[in-house]
Each structure stands twice: as structure tokens, then as C-alpha cells.
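See below for the structure under consideration.
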Amino acid sequence: MDFNDEQGTLFDNIDNQPNDNRPKVFIETYGCQMNVNDSEVIASILRANGYAITNDIENADVILVNTCSIRENAETRVWGRLDVFKQIKKRKPAVLIGVLGCMAERLKDQLLEDQKVVDLVVGPDAYRELPVLLRSAEEGQKGINVLLSREETYGDISPVRLDKNGVSAFVSIMRGCNNMCAYCVVPYVRGAERSRDPRTIIREVQELIDAGYREVTLLGQNVDSYHWKHEGFLHHKLYTNFSDLLEMVAKLSPKLRIRFSTSHPKDLNNDVLYTMAMYENICNHIHLPVQSGSSRILELMNRGYTREYYMGRVKAIRDIIPDCAISTDVIAGFCTETELDHDLTLTLMEWAKFDFAFMFKYSERPNTKAARKLKDDVTEDIKSRRLTEIIELQGKLSEKSKQSEIGKSFEVLIEGESKKSSNDFYGRTSQNKVVVFPRENYNIGDYVLVKISDCTPATMIGKIVEE
Ligand code: SAH
Ligand code: SF4
Ligand code: F3S
């Protein structure tokens, strides 16, 4: 899954009608794609309750920050933003400041007490309460709701899309996580895993197709454990699992691309791979976080697989879907990691030839199993050096992955104008590799066949060869 620890994501799709006298809400989002999708749900709830969405912080009546706790620096960044909001509140005391999401869940009322700048604290399962909490905050009553739920999936809410491109959208298919990886805060801040009713997923995807969308990314912390039990259908299949769901979504329209994230190596099964192979419109890309190449470290991390098991999954992907791209997440310097463990990570990366990776230094999170039971004993210097080696190796692998496509042609979905030149478009191949090419007479949202002629470290460069 994509991340954003550094800079908040803002809404592009704002309400900017003249003379709009609804109170204006500014929403800034950190963290993973699920958090971005949550902000879209929040915007939908607030719009339905008489608020307008703005991306101009100076004119906002309400400032909300949807936060992430995954690493310490994700939280540090938000504390820095609260200082900035504090200055705004000094100038405009009526402005309401809310902290939402994973950090709200982790720190709870501590956020209300610290600095006295925050008016409301709302956890990931309590967004339906936002309008009520905002109303009482307007009357001077600080609001907090951090209850986690076993049922909430916001399944009935159609999110207000954050961007205006109208081509690709996120659809959350489940919430929470039951995995308890030793380093990870997600199960504590997002609660238990629960899947969303497939009928509401299909309805949302159909609405997106009707609105002209061409790509959906199905989101969950562990999509392979998606599971919905149907009630009352005695003669029908009683369960929908992830490969069933993928197939249902793929059948809605051959023109709709389907992506998904994240696959957990211990749960990725061959049914899903066969379904991917069977439907052209399910993209050939799997994000399969490995975390470490050492079975000893994987065991300490409580990941539920070994190095060999992971390699077996990669082999199965390559056998069943020969042109499938594989990306990963890697953590450098987990508790007790030795040079040998680190080398095992590097050799596994080289063996798997990952097309792309998110790479992190281990960051101890309070109250996780690792924080309680293990010592964060790899020094900062060693963590940094190992991370650098991992990043350098992945740089080479990513470049090779792009170079190997030179001379080939791919179907590309046009997603937008290239940042560097308005004469160029950018889009992605099924394998999730970005291509930049001259726009000719095509439009955003079109599928085109692009022949790759060259690449830079970040993107492939090509030319449209035919429709
Ligand atoms: N559910 C997904 C990942 C969610 S968190 C999965 O299981 O793969 C995204 C990534 O952040 C993880 O894959 C991991 O690489 C990284 N991460 C999580 N906790 C971390 C921590 N405490 N320190 C450093 N990186 C961490
Ligand atoms: Fe965290 Fe593990 Fe769950 Fe992923 S699977 S969210 S890493 S506990
Ligand atoms: Fe996502 Fe960060 Fe929460 S990665 S689930 S926003 S802790």
C-alpha cells in the first residue's frame, strides 16, 4: 500500500460554489490508502450534514487531520502540524481543530490535554459521530469518541472522491487486522478485522463505473482473508471469499481495471492467482510485503511464514501469472537483526527481483508485542546503513524492471497530464509501472497501446502505437 508520512494529502475535489455559506471543512490526510479512503468517507458524512469541503486552510471553519501511527515520524509530523494549527487558532479562536484516525485512537484524551489546541478526537470507527461531536464542540464542549467496533465498515456510505481525475478510486473491502505482527500498531488502532458486505462493494463499484471511472483498487490490510458469510441462502454458496469477490468485481465491466492491496504472504492462495490469470482486467501486480528475508526474524515478527514459504509464493505467482509484477515492503533493523539476517534480506530481494518496494527503518511502537517483549537493540547508525543498502539494491532492481520492458508494448490507462510537460500524459501498465508519452489526440481515461522506448530511474518513456 502507498504511504504518506511526510506531507498531508489534501482534497482536490472541493466545494467552491460562490456564496456558499455552509461551514467549511479542511481535511489533511496522512498514512496509508485506507486512511485516504476514510477521509473520503468523512467528507461524505460531513457533506450530508451541511458542511462544505475546502482546501484553503485559512478560510476553514473546521480543520481536521486524519492521522497515522505506523512509525514515530508519522506522529512527529502531525505534532508539527498541530503547532501550525495552534497559530491559526490564535488568530481565529472560533476555528475547530479535530484529530482523527489512528493517532487519535492511540493517544485518545492525551491529545485533548496536550497544548489545549485540539477540540475533538475521533477514532477510525466513530466517524458517523462527527457531526454530533462538531456541534457540541461549537458550543464549547470538547468531543471524543475512540470506540472501536466489531461491525462498522461504512458499507452504506458512498465516499466523496478526493481527487478530480475521475479515473481511479479506492474501495475499502474490509477494516482492521487480526494478525498481530509484533512490530505493528494497526491491530490496536484499527481494531479487529471485519469484511464489508459484498453487495455494498459491488454497488459502490457499479456507481463508479456509471460515473466513468476506469480503475478501482480494493483495499484491506490483508485482502486475502476477506470473508463474508451470507445469511439465509440455503441453496447458494454461503461464503464470499477474496477470489469470489475479485471475480464479481471483474465481471462488472471489461473496461474496468481492478487492483488490490495488501496481500499477506501467509494467506495469498492459488485461487486468487487463478482468478487473476483468468480475467484480463485484473491487473498483473501483487503487493506482497516480505518485511525480512530471515526466517528467524520473520518468526520474531510473528509473520506466520518462513523465507522458503515466501519464495514458494513468488514461484507460484510466476508460474500462474508469468508477467506479474511483484512489489514489497521491507523493514531494516528489527530487534536482534544481525548482519547475517540483513544479508538474507538482500539476497532474497535479489532473488525475487522486486519491481518496487517501500522500505523503512524499524520504529518501535508503544505497547506492541515487540515493544513489550523484545529489545530495540539495533543502533540508529546500523539501521540507517542497512536501510541505505536496501534502498540502493532496490534502486538497481527497479531500474532493471523498467529496462526489461524496453521494446515491448503495453495497454496503458491514461491517468493524467505529466507533471513535467503538458504535452505528455502519464499512465500505468497492468504491472503498475508508470509510463510517460506524448498525448496526441487522446483523453484522460482512455486505454492506449504504448511502446516503451526508454526509461529514467523513476518512469518508463514511450509512444502510442495504436488505439
Ligand atoms: N497490512 C500490511 C501493511 C500495513 S503497514 C501488511 O501486512 O503487509 C505497512 C508497512 O509499514 C508494513 O508492511 C511494514 O513494512 C511497515 N511497518 C509497519 N510497522 C512498522 C514499524 N513499527 N516500523 C517500521 N515499519 C513498519
Ligand atoms: Fe500490521 Fe501485520 Fe496487520 Fe499488516 S498484517 S496491518 S503488518 S499486523
Ligand atoms: Fe494506515 Fe497508518 Fe493507520 S498505515 S491503518 S493510517 S497507522
Checklist line | Net charge of neighbours whose Cβ lies under 14 Å from the Cβ of Asp210, counting Lys and Arg as +1 and Asp and Glu as -1 | finding: +2
Check: Say the dipole of the range 139-229 comes from +1 at the beta carbon of Lys and Arg and -1 at that of Asp and Glu; which of Trp228, Ile157, Val171 then lies farthest toward its positive end?
Finding: Trp228
Check: Computed over the Cα atoms, what is the radius of gyration of the range 239-286 divided by 2.2 N^0.38 Å, N being its residue count?
Finding: 1.07
Item checked: Low-density loop cleavage sites - chymotrypsin sites (Phe, Trp or Tyr not before Pro) in the range 230-332, where at most 14 other Cβ are within 10 Å (DSSP) -> Phe233
Next item on the list: Could you tell me what % of all Cα pairs in the range 6-83 have separations over 20 Å?
Entry: 31
Margin query: Using each residue's phi in the range 380-393, evaluate 6.51 cos²θ - 1.76 cosθ + 1.60 at θ = phi - 60° and report the 3J(HN,Hα) Karplus result to the nearest Hz, with x for Gly and Pro.
Written below: 4, 4, 5, 4, 5, 5, 5, 4, 4, 5, 5, 5, 5, 4
Next item on the list: Evaluate the Debye formula for the range 190-329 with equal point scatterers sitting on the alpha carbons, no solvent, and hand back log10 of I(q)/I(0) at q = 0.19 Å⁻¹, in q order, two decimals.
Entry: -1.17
Next item on the list: With no solvent and one equal point scatterer per Cα, compute the Debye intensity ratio I(q)/I(0) for the range 255-346 at 0.14, 0.15, 0.18 Å⁻¹ and report its log10, rounded to two decimals.
Entry: -0.53, -0.59, -0.79
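Order by neighbour count: Thr76, Thr429, fewest other Cβ atoms within 10 Å first, most last.
Thr76, Thr429
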Margin query: Show me, for the range 72-88, the HN-Hα J-couplings you get by feeding each phi into the Karplus relation (A = 6.51, B = -1.76, C = 1.60, θ = phi - 60°), rounded to Hz, glycine and proline as x.
Written below: 4, 5, 5, 6, 4, 4, 5, 4, x, 5, 4, 4, 5, 4, 4, 5, 5
Margin query: Please arrange Leu300, Leu64 by how many other C-beta atoms lie within 10 Å of their C-beta, fewest to most.
Written below: Leu300, Leu64
Next item on the list: Give the relative contact order (percent, whole number) for the chain; include only Cα pairs under 8 Å separated by 6+ residues.
Entry: 10
Notebook entry, point to check: Quick one: His342, His264, fewest Cβ neighbours within 10 Å first, how do they rank?
Noted result: His264, His342
Check: Taking every pair of alpha-carbon atoms in the range 123-228, what share in percent sits in each 5 Å bin, from 0 to the bin with the longest distance?
Finding: 2, 11, 18, 18, 17, 15, 11, 6, 1, 0
Next item on the list: From the P(r) of the range 133-183, can you give the percent of Cα pairs sitting at distances over 14 Å?
Entry: 73
Item checked: Vicinal HN-Hα couplings computed from phi for the range 419-428 (Karplus, 6.51 cos²θ - 1.76 cosθ + 1.60; Hz; Gly/Pro x) -> 5, 7, 8, 6, 7, 10, 9, 10, x, 10
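Kindly provide the Kirkwood hydrodynamic radius of the chain in Å, to one decimal, from all pairs of distinct alpha carbon atoms.
Taking every pair of different Cα atoms in the chain, averaging 1/r and inverting gives 23.5 Å.
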Next item on the list: Calculate the tail of P(r) for the range 47-189: the fraction of all Cα-Cα distances greater than 24 Å, expressed in %.
Entry: 35
Next item on the list: State the answer as a single residue: which of Cys455, Leu413, Asn367 lies farthest towards the positive end of the charge dipole of the range 356-467, with beta carbon charges of +1 for Lys and Arg and -1 for Asp and Glu, about the Cα centre.
Entry: Asn367
Notebook entry, point to check: Between Rg and the Kirkwood Rh of the range 278-424, both from Cα atoms, what is the Rg to Rh ratio?
Noted result: 1.04
Next item on the list: Determine the dipole magnitude for the range 283-356: charges of +1 sit on the beta-carbon of Lys and Arg, -1 on that of Asp and Glu, nothing else is charged, the reference point is the Cα centre, and the result goes in debye to the nearest 20.
Entry: 240
Margin query: Can you compute the radius of gyration and Dmax for the range 323-374, using only the Cα atoms, both in Å?
Written below: 13.4, 42
Item checked: Relative counts (whole %) of C-alpha pair distances in the range 211-278, using bins that are 5 Å wide -> 4, 15, 24, 24, 17, 12, 4, 0
Note to self: Kirkwood hydrodynamic radius, computed over distinct alpha-carbon pairs, for the range 367-467: how many Å, to one decimal?
What the structure shows: 15.8
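Every number here is computed from the coordinates shown, using simple stated rules; none is lab data. Being a predicted model, the structure only gives us computed values, none of them experimental. Cβ: placed from backbone, ideal geometry, glycine included. Neighbour counts: every protein chain shown.
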